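Trainee: Okay, here's the structure, questions in a sec.
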Amino acid sequence: MARKRRRLLVRSARPEMDRLQTDVLNRKLGTSFSNREDLKVEIAKQFDIPYQSKGSNGGLRAEDAGKMGGMMGGLLVKELVRMSMESLSKNR
């Protein structure tokens, strides 16, 4: 099955979305990394996944990649929903 590539409607928002995801993951993990690559390594350690920040991850199983991506994306979506609900409640 082909992977569907998700793109932001506003491409210039990418740096801010990356920063938000980094902040959300740092809060959840109790860390203070400044870039996403270090966070990926930390998440991989927690799941005992053989992820390499440099080099090829060709041997990474789809299941393991899904665990990492699911955690990262899931937390971001939860935070975006929370922020939206908060914004809506303020506008009432």
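Quick note: the coordinates plus some simple rules give every number you see, no bench work behind them. The structure presented is a predicted model; accordingly, all values stated were derived computationally and were not measured. Using ideal geometry, Cβ is built from the backbone for each residue, glycine included, and neighbour counts are taken over all protein chains shown.
Trainee: So how do Lys45, Lys54 line up by other beta-carbon neighbours within 10 Å, fewest first?
Mentor: So the residues, fewest neighbours to most, are Lys54, Lys45.
Trainee: Something else: Dipole of the chain (Lys/Arg Cβ +1, Asp/Glu Cβ -1, origin at the Cα centre): which of Met68, Phe33, Ala13 lies farthest to the positive side?
Mentor: It is Ala13, whose Cα lies furthest towards the positive end.
Trainee: At 7 Å along Cα-to-Cβ for each site, give me the label-to-label distance between Ser32 and Leu8 in nm.
Mentor: Those two pseudo-labels are separated by 2.6 nm.
Trainee: Can you give the angle from 0 to 90° between the axis of helix 62-90 and the longest principal axis of the chain, with both taken from C-alpha atoms, to the nearest 10?
Mentor: Helix 62-90 sits at roughly 10 degrees to that axis.
Trainee: Starting from 0.36 nm per residue, how many nanometres of slack lie between Glu86 and Ser56 once their C-alpha separation is accounted for?
Mentor: Full-extension gain reported as 6.7 nm.
Trainee: Most exposed first by the Cβ proxy, i.e. fewest other Cβ within 10 Å, how do Ile49, Ile43 rank?
Mentor: Ile49, Ile43
Trainee: Okay, moving on. If you place +1 on the Cβ of every Lys and Arg and -1 on the Cβ of every Asp and Glu, how big does the dipole about the Cα centre of region 15-90 come out, in debye to the nearest 20?
Mentor: So the dipole magnitude of region 15-90 works out to roughly 100 debye.
Trainee: Among Leu25, Leu20, rank each residue by its count of other Cβ atoms within 10 Å, from fewest to most, as a rough exposure measure.
Mentor: Going from sparsest to densest Cβ surroundings: Leu20, Leu25.
Trainee: Please give the direction-averaged projected area of the C-alpha convex hull for the chain, in square nanometres with one decimal. Don't skip to the end; give the middle numbers.
Mentor: On the way: hull surface 31.4 nm².
Mean orientational projected area (the chain, Cα hull): 7.9 nm².
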